[in-house]
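Enquirer: Pasting a structure here, questions to come.
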Amino acid sequence: MPPARILPFFRQSGPVNAVAQSGLIIALALSATANALCPAQSDATPLEPIQLNARGEFVPEWGKSAIWYQIFPERFRNGDPENDPRVTDIKGSDPQEPVAHWQVHPWGSDWYELQDYEKKNGDKELWKHLLRRRYGGDLQGIIDQLDYLQDLGINAIYLNPVFDSPSLHKYDGASYHHIDPTFGPDPEGDRRLMAKENPLDPATWVWTKADELALRLIRQAHARGMRIIFDGVFNHMGINSFAFQDLKKNQQASPYKDWFTVTSWDDEEAGTKFDYEGWFGVKSLPEFAEDINGLAEGPRDYVFAATERWMNPKGQGSEHGIDGWRLDVAFCVGHRFWKQWRQHVKSINPEAYLTAEIVDTPDKVKPYLQGDEFDGEMNYNFAFTSAEFFFHPEASRISASEFDHELARLRNLYPKGVAYVTQNLFGSHDSNRIGSHIVNRGIGSFRDWGTYFNLSQAAGNTGYQVRKPNRAERQLQKLFAIFQMTYVGAPMIYYGDEVGMWGANDPDDRKPMVWSDIEYADEVFNPDGSKRSPDSVEVNEELRAHYKKMINIRNQHAALRIGNYRTIMADDAKQIFVFEREHNGQHLWVLLNSGEQAQNIQLKDSTLNEVAVDLLTGERFEPRSGELKVSVSEKWGRVLLLNK
């Protein structure tokens, strides 16, 4: 989703436009509300028979073994200070007001502390300062840290938008066929090259240095055995886009007059001014027009051409391109477009992976995952259910058997193979980080997306705690990581969660990555400018080691990636949950204790005849007469490799 300050829809006294005009970007409430504001969905009937592989599945096999790492490029690593953005590069992004004083923000500064240049601008609204900030993250920074990701065990990367855009988040694309020049080595030269093109004619499209650097990133990721996908924002563009700028200038004479939903034109006789529909009423995000095929012909053809450019660059073959796409606000585009687009994508690379952002109840997500649109989704329902079992206060926590029931519902909802490739996440660029979620557990229900989005923002919520998680809270994060890395589905880590980053919801979930070679100021400032006890900012080596160990365990055991699933125990009284993963005779039992006390667990299996080894600690447990007795500490787990 585009980034955001969000107001609950039920509390708005006026139309969404009234909020948008103040410079705020509205993120989504639960899609039930969003669907009322998005264009009507076109027919969900398949265009042609679903293409299944020899396994009777339509998902790419590699997606089952993916361990995803989500990168927000502007905040990951500044690999090339020479390409740092200038104030002219942010023109057209929210907030729209011109700014007198601006500079690239110090990477290691206290997040809520206003720098001198920010104070000179005089704005009293914190969000304006935070949205104007640029830290200089770029593609070179990602390339430089591929070894870090490989050491962690990551084999799949999802990049938030990298295309040309003035904002820090880049969901307001100026184009989809060029990487943002400030992400490459020669911003000025790239701009000059781009100005020579006819955007309507892909034959005139050039390859800028930023574009070439993106191809280098793809090559180097592939050389390490990593897949990489881009974020596709095919519902809207930004006001800086070539199409919208021409439309605004030339009005009905523009070749882009049918690209957007124009509600009125500049007409002195009629007394009207140019106006148009923005996504959720947000004027900085003009929304593509739709027809019976989903997107109107102009933007549809452009998206198809840009898709091929990045999947088969220079016609050299799909092995040189990205391995798939993550699709932003997919529910805002008609089904028929996604069906046609999938056919296009799969014709370029049959093993491409397509994952959608559809924050909604499972029954609303289901139509998108039937084999003719997407392979998987950002599995927020997995996150909601996990929060309710591992993190909720006792009064609202679901039982082990309820947890088991909900997991089964999600696994069995979709066609064969889908559950294995969904991106099982917790934090993202649209939610508070897992560490801060745990610190603030009890403020609301993550599942109640629209309300919780607001409750989990720091600004304006005096009860939201912005402090660093303590040791007990980190233990809960480790417990979740054990589950995430052993359960059915492809785990996804939001950048920095593995080193202990914390932060409230957007924009505080987009802090600069914490690296061991950068010195960071203590966090002492609160959102309102007051001070609190200092929180040191550094890599949590213990937490990182835990993630690395769990990732390694998953990578080394096929049963955890592609194996069958079986629930062994769901003990409501003790909050114990035990399940088995099995593949080709390899058996692993995962024991999770979400309770407040250590427990001794007795597991019976007549086929047990040899020692079981806990892969986390190396401890060995010997069965007696087909019974295994295992102790599990409170808020902890074990991963037992069995010999049968």
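Please treat every number below as a calculation from the coordinates, not as lab data. These numbers were taken from a predicted model, which means no experiment stands behind them. So basically every Cβ, Gly included, is an ideal-geometry build from the backbone, and we count neighbours across all protein chains shown.
Enquirer: Sort Lys120, Lys339, Lys196 so that the residue with the fewest other Cβ atoms within 10 Å of its own Cβ comes first and the one with the most comes last.
Expert: Least crowded to most crowded, the residues run Lys196, Lys120, Lys339.
Enquirer: Add +1 for every Lys or Arg and -1 for every Asp or Glu among the other residues with Cβ under 12 Å from the Cβ of His101, and state the total.
Expert: 0
Enquirer: For segment 237-245, just list the computed ³J(HN,Hα) in residue order, Karplus coefficients 6.51, -1.76 and 1.60, θ = phi - 60°, integers in Hz, with x standing in for Gly and Pro.
Expert: Karplus-based 3J(HN,Hα) across segment 237-245 equals 10, x, 6, 7, 5, 4, 5, 6, 4 Hz.
Enquirer: Given a Förster radius of 60 Å and the C-beta distance between Glu622 and His320 as r, what FRET efficiency does 1/(1 + (r/R0)^6) yield to the nearest 0.05?
Expert: Rounded to the nearest 0.05, the efficiency is 0.70.
Enquirer: Which ordering of Tyr176, Tyr276 is given by a fewest-first count of other beta-carbon atoms within 10 Å?
Expert: Tyr276, Tyr176
Enquirer: Would you pull out the residues with amide H under 5 Å of Gly232's amide H, same chain only if 5 or more places away, H placed 1.01 Å from N?
Expert: Amide H to amide H, under 5 Å and 5 or more residues apart or across chains, Gly232 pairs with Arg326, Leu327, Asp328.
Enquirer: In addition: Taking 45 Å as R0, compute the FRET efficiency from the Cβ-Cβ separation of Asn53 and Asn198 and round it to 0.05.
Expert: According to the calculation, E is roughly 0.65.
Enquirer: Relative to the longest principal axis of the C-alpha atoms of the chain, give the angle of the C-alpha long axis of helix 335-348, reported between 0 and 90° and rounded to the nearest 10°.
Expert: 80
Enquirer: For the chain, what proportion of DSSP beta bridges, expressed in % and rounded to the nearest 5, is antiparallel?
Expert: Bridges in the chain that DSSP calls antiparallel: roughly 65 percent.
Enquirer: Here is a follow-up. As a quick test, which of the pairs Lys478/Lys511; Lys128/Lys366; Lys91/Lys120; Lys128/Lys635 have an alpha carbon distance above 28 angstrom in this structure?
Expert: Going by Cα-Cα distance, Lys128/Lys366; Lys128/Lys635 fall outside the 28 Å limit.
Enquirer: What's the angle, to the nearest 10 degrees (0 to 90), between helix 400-412's Cα axis and the longest principal axis of the chain?
Expert: 50
Enquirer: Based on other C-beta atoms within 10 Å, arrange Val59, Val537 from fewest to most.
Expert: Going from sparsest to densest Cβ surroundings: Val537, Val59.
Enquirer: Check cross-link reach from Lys604 to the lysines: straight Cα distance under 22 Å, and skip same-chain residues fewer than eight apart.
Expert: Output for Lys604: Lys574, Lys629, Lys644.
Enquirer: Want the number for Lys531 to Arg224: 0.36 nm per residue separation, take away the alpha-carbon distance, what's left?
Expert: 106.1 nm
Enquirer: Just to confirm the number: angle between the C-alpha axis of helix 209-223 and the first principal axis of the chain, 0 to 90 degrees, nearest 10?
Expert: Helix 209-223 and the main axis of the chain meet at about 20 degrees.
Enquirer: Another question, then. Determine the sum of side-chain charges near Thr307: Lys and Arg each +1, Asp and Glu each -1, restricted to other residues whose C-beta is under 12 angstrom from that of Thr307.
Expert: Local net charge: +2.
Enquirer: Which of the peptides 162-172, 478-488 is most tightly packed, and how do the rest follow, judged by the mean count of other Cβ atoms within 10 Å per residue?
Expert: Ranking, from highest mean packing down: 162-172, 478-488.
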